[in-house]
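So the structure is just underneath, and the comments pick up after that.
The values are calculated or read from the model by the stated rules, or taken from the named source; none is laboratory data. Here the structure is a predicted model, which is why all the values come from computation and not from measurement. No Cβ is skipped: glycine too gets one built from the backbone with ideal geometry, and neighbour counts run over all protein chains shown. Surface accessibility is based on the protein's heavy atoms, side chains included, excluding ligands, DNA and RNA. Shrake-Rupley method; radii C 1.70, N 1.55, O 1.52, S 1.80 Å.
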Amino acid sequence: MKLLLTFISTVLLVIALDNRLGQLPPLGRFLDPINGFYQNAVPPATASDSDSYSLPQLQQQASVHFDEFMIPHIEAATAHDLYFLQGYVTASHRLWQMEVQTHFAAGRLTEILGENMLATDRLTRRKGLPEGAKAALQAMLQDPASAEAVQAYADGVNAYIGSLKYHSLPFEYKLLDYTPEDWTPYKSALLLMYMAEDLSGYEVDLENTNLLRLLGQENFNLLYPDRLPGSDPVIPAGTPWNFEAQPITVPPANYPDLAITDTIGKPDPANGSNNWAVSGSKTRSGNPILCNDPHLSLNLPSIWYSLQLKGPGQNVYGVSLPGAPGIVIGFNDSISWGVTNAARDVRDWYRVQFKNNQRNEYAYNGNWRKADKRVEKFKLRDGWFWESNDPFYDTIVYTHHGPVVYDKNFPQKEEQQSFAMRWVAHEPGNSLKAFLLLNRANNVEDYIAALSHYKSPGQNFVFASVTGTIAMKVQGRYPAKWKNQGRFLMEGSKPEYEWQGFIPDEQNAFVINPERGFVSSANQVPADSTYPYYVYDQTYEHYRNRRINTILRQLDSASVQDMMQLQNDNYHLRAAETLPWMLGKLNTNLLKPDEREVLQLLQQWDYEATAEQTAPTAYHIWWNELRDLTFDELDSLEVAVIKPSDAATAYFLRNHPEHQLIDIAGTPERESLQNLLLRSYRQMVEKLEEWEQTEQTAATWGNYKKSSIRHLTGQEALSHVNMQINGGRGIVNANSGRHGASWRMVVEMGTPVQAWGIYPGGQSGNPGSPHYDDLLESWRKGEYNRLYFMTPATPFKDKIMYTNTYLPTAEER
C-alpha cells in the first residue's frame, strides 16, 4: 500500500511540476537551474563578448557595435541588412515587450493572460485597431522602400526567435508559460495603431453630449471653452496663412437628445510632450539646439529602444519603437527632429438607428443601408491545466462611418443606443515612410517632403539643421470641420453631419525661422484664432507651453546645459497663478492652529514642485477639493460627464466668482466662493493629516505622488515603486505617478553634431540583465548620457564594449 501511495504521489508531483497551476508556470521547468529562469541572469558585458555569427538571410557582411550603455550601432552595406539587423537586435533585447504590445493592439491578450482580459480585447477590436492596422499595412506594402523595411525587420525578428530554446527564452515567456509566435509586417502595423490609440484615442463626445443637454449651450461654452484667453499657440500668434481654406457647409446644430450612462475607457489625457528648437542667434555656440521629451506611461521595459543605423544614404541615431523599423525621434549629421502630440478631435461618434433587432440595415439619408457584420473569435487561455475554455464570439457591426462600438451587447445594455465611431486612424496611410525619409533627410525641404507622408496620430514635428534652419509643423490627417463638429454625438442617418474632407497637407499649420528665434510645442492649441480651420481638442495644455516660451524668450545665449535645465524645470505655473488669489480670499482668521501651520507652508512656497517639499502636496489637494466642491453638481448625475479642465476651472473661478454653480449642491444655503475656499482648505488639511497617519510618513510631494515605473506584467518585484521624483502634471518636468518624460534628448547642430539623452529604464527588457534599469537613477536625477554618434570624425572607439560581426553564410565565418 505504501508503495502504491508513493507511486501515486510521485505521479501527481510530476504532473503538478510539469503543468500550469492557475497563474503559476510549470514550476519544474521554471525553477530548473539548467533551463529555468536562473538562465536569464546575464553578467556584465566585456570585450571578450565580441564574436561572429552566421545569418544566411543577410546579403553582405555587417556589424553591430555595443557601447557602454548596451546601445547598438548597426553598420550594414544594404538597406535590407540594416533593417534585418535592427529587427534581430531589438528582438534580442525586447521580444516579449514587442509581442505583448501587439497582442494588445490585435485584441488578443486573452490568449496570453486569460479570460480576465476579455473586456479589454473586445473593446480593442470594436474600436477597429486590427482593421486599421490592415489598412496601414496595405499602404506600406505599396511603397517598395517601406515594404522592404518592414519585411526585412520581420525576418530579423524571426531569425532571433528561431535561435531560441527554452533556456534562452525571455523571462516573461517562462513566467507566463508560452512561446513567441512568428513576427510579421502586420505586427509592425499593429504597433503603430497601438501608438495611434494611445495618442489620439482620448475624446469626450458622449460626455459633452450629456453636459450640453444638462448645462445648456451658454454654461457649456463657459466651462468647456474651445480656447482660453492668454493661450500661446504652437505656431506663433500672428503668423500669416498664405492660403484660402476649403469651403465647408455648416448644417443646423441638431444633436441627439440622449442620456448616456456608460462610456468606454480612454487613454491618459496627459499623454503629450515638450519639444523646441532654438536658433543659433540665441545660443552661446551659434548652433541651433533641438530638444524633445515625450511624456508617456512609464513602464519597464521602456517604450523606446535607442540605437544608431548606418547604411546606404543614412547615418542616423535616436530612439525607435520596438517592433517597427527606423528611428522615430533623433538626428543625423545634417538634421534633427522630435515630436509632441498634436491633439485634435479626430474620432467622432454617430448614433446608428437599425431597422430592427437583426441589425442588418441602418437608416441613412432617408433609406436603409446594408450593414457589414463580422464575427470575432476570442481564444481564452485555460486556467488550471485540466480546464478547457471555449472561445468567446462577438459580432461587430460595421457601418460606413466605422465600427459600432456601443450597442446592446457592449458596454451598455440600452437597446436604443448604438454608436458608431469614425476615426482618422482607420484611413489608409503610410506614416512609417515619413520616418524612414526623415532618417536620411539633409535639409528642411527633405523634412517637409517626408512629413507629407505622415498621417496619424497627429504630431508637432520640430526641426533643426546644421545650416541654421529651425521649423515646426503640425502634421497629421485632420478632418476639415465646421465649428463644434464632433464635439457631440451626431446623427448618423444624416449625410450633412459627415466629414466633408481633410485639411490639405500644405495647409497644416507650419512656421520656419520665426522672428522670435525659437519654435516650441507642448500640446497646446496649434494656432491662433486666425487659422482658417476649426481646431478643437478637450486636452489642450495651458501651462507647460507658456512656461517654456517664457524661458526661451528670456534666453539670448542659451547653452546645452540651459536646455537640460529647462527640460527638468519644476516651476508650478498653475500654482503661481492661482495660489496667491486663493490665499488672498481665504478667511485666515477662522483657521485652527494645525491649519495655520499648513498656511505658513503655502505662503513660503517658491512654487517649485520638488520631491522633498510638502507645499506642492498641500496645494494639489486643496486645488482638487476646491474644484470638486465647485462642480459637485456633476457628481450627482447618473450619466457620464467630465469636469472642466484645471485651466478652465481657474479662469471660471477668477472671472465668474458669483456664478450660480459656485455653490454646494447638497446644502440649503447659497455658498460663496470664499465659503468654498475655506471648506476646501479645511478638507485639505484633514486629508493631509489622514494621509500621513495612514502612510506613517511625511506627505512630501515625492512621497505623496508615489511615482512608479512598473513592469508590463504589473509584477512589483520587476518594478520600481515610490520613487522620489520632482515635477508633475502641467509642469515642464511632467513626471507624475505613472507618467512622465519617457525620453529626454538634447542635440546641438554643430560640426560635428553632439547629442545627449536618457530614458527611464535600460536597453534590455530582461530583468536579469544589468542593462534592465541601469539608466533609471540618472534619469530620476535629471542627468544625461552622451549619445555616441559614430562618424568618421567622432568614431568613439573607446566607448565600444564589444562588436558582433554577422556573416551571410557559414562558409565565410
When you check K377 against the structure, is it over 31 Å from the mean Cα position of the chain (by Cα), at negative phi, open to solvent by 60 Å² or more (accessible area, probe 1.4 Å) and at pLDDT 95 or above, yes or no? no
Do you know which residues across the range 64-91 are small (G, A, S) and under 24 Å from the mean Cα position of the chain (by Cα)? G87, A91
Positions within the range 220-247 being within 24 Å of Q500 (Cα to Cα) and loosely packed, with under 15 Cβ neighbours inside 10 Å, in sequence order: N242, F243, E244, A245, Q246, P247
L586 meets each of (1) touching a residue at least 60 places away in the same chain (Cβ under 8 Å); (2) open to solvent by 40 Å² or more (accessible area, probe 1.4 Å); (3) farther than 30 Å from M749 by Cα; (4) not β-branched (V, I, T) with one exception, condition (2)
Please go through the range 751-802 and pick out each residue that is touching a strand residue (DSSP E or B) at 6+ places or on another chain (Cβ under 6 Å), outside any loop (DSSP other than H, G, I, E, B) and touching a residue at least 60 places away in the same chain (Cβ under 8 Å). Q754, A755, W756, G757, N785, K799, I800, M801, Y802
Since E638 meets every condition but one in (1) farther than 19 Å from P580 by Cα; (2) touching a Ser or Thr at 6+ places or on another chain (Cβ under 7 Å); (3) surrounded by 14 or more Cβ atoms within 10 Å (Cβ to Cβ); (4) touching a residue at least 40 places away in the same chain (Cβ under 8 Å), which condition does it not meet? (3)
Can you confirm whether A47 is open to solvent by 50 Å² or more (accessible area, probe 1.4 Å), under 18 Å from P170 (Cβ atoms) and either modelled with pLDDT of 70 or more or in contact with a His (Cβ under 9 Å, 6 or more places away or on another chain) (or both)? no
When the residues of the range 105-121 are filtered to those that are within 19 Å of the chain's Cα centre (by Cα) and surrounded by fewer than 21 Cβ atoms within 10 Å (Cβ to Cβ), which remaining residue is nearest to H426 (Cα to Cα)? A106
Looking at the range 544-561, is at least one residue outside any helix (DSSP H, G or I), among the basic types (K, R) and under 19 Å from A471 (Cα atoms)? no
Scan T124, T102, T90 and give me the residue that is part of a helix (DSSP H, G or I), open to solvent by less than 10 Å² (accessible area, probe 1.4 Å) and in contact with a strand residue (DSSP E or B) (Cβ under 6 Å, 6 or more places away or on another chain). T90
Matching residues, the range 134-157, being within 19 Å of Q60 (Cα to Cα) and buried (at least 24 other Cβ atoms within 10 Å of the Cβ): A149, V150, A152, Y153, G156, V157
Among residues belonging to the range 749-774 that are within 28 Å of I335 (Cα to Cα) and among the aromatic types (F, W, Y), point out the one that is least open to solvent (accessible area, probe 1.4 Å). Y759
Quick count over the range 346-356, residues being touching a residue at least 12 places away in the same chain (Cβ under 8 Å) and open to solvent by 20 Å² or more (accessible area, probe 1.4 Å), is 4
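One line per residue, one yes/no per condition, for (1) basic (K, R); (2) under 25 Å from E207 (Cα atoms); (3) in contact (Cβ under 8 Å) with a residue 40 or more places away in the chain; (4) open to solvent by 10 Å² or more (accessible area, probe 1.4 Å):
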{"residue": "Y305", "(1), (2), (3), (4)": "no, no, yes, no"}
{"residue": "G311", "(1), (2), (3), (4)": "no, no, yes, yes"}
{"residue": "G323", "(1), (2), (3), (4)": "no, no, yes, no"}
{"residue": "G326", "(1), (2), (3), (4)": "no, no, yes, no"}
{"residue": "I329", "(1), (2), (3), (4)": "no, no, yes, no"}
{"residue": "S336", "(1), (2), (3), (4)": "no, no, yes, no"}
{"residue": "R344", "(1), (2), (3), (4)": "yes, yes, yes, yes"}
Of the conditions (1) among the aliphatic types (A, V, I, L, M); (2) touching a residue at least 40 places away in the same chain (Cβ under 8 Å); (3) assigned to a loop (DSSP other than H, G, I, E, B), L164 satisfies every one except a single condition; which number is it? (2)
Condition (residue is outside any loop (DSSP other than H, G, I, E, B) and either closer than 30 Å to D348 by Cα or of a type in the set (A, V, I, L, M) (or both)) applied to the range 601-608: is it met by at least one residue? yes
Can you tell me how many residues in the range 734-780 are farther than 24 Å from Y88 by Cα and either modelled with pLDDT under 95 or not aromatic (F, W, Y) (or both)? 24
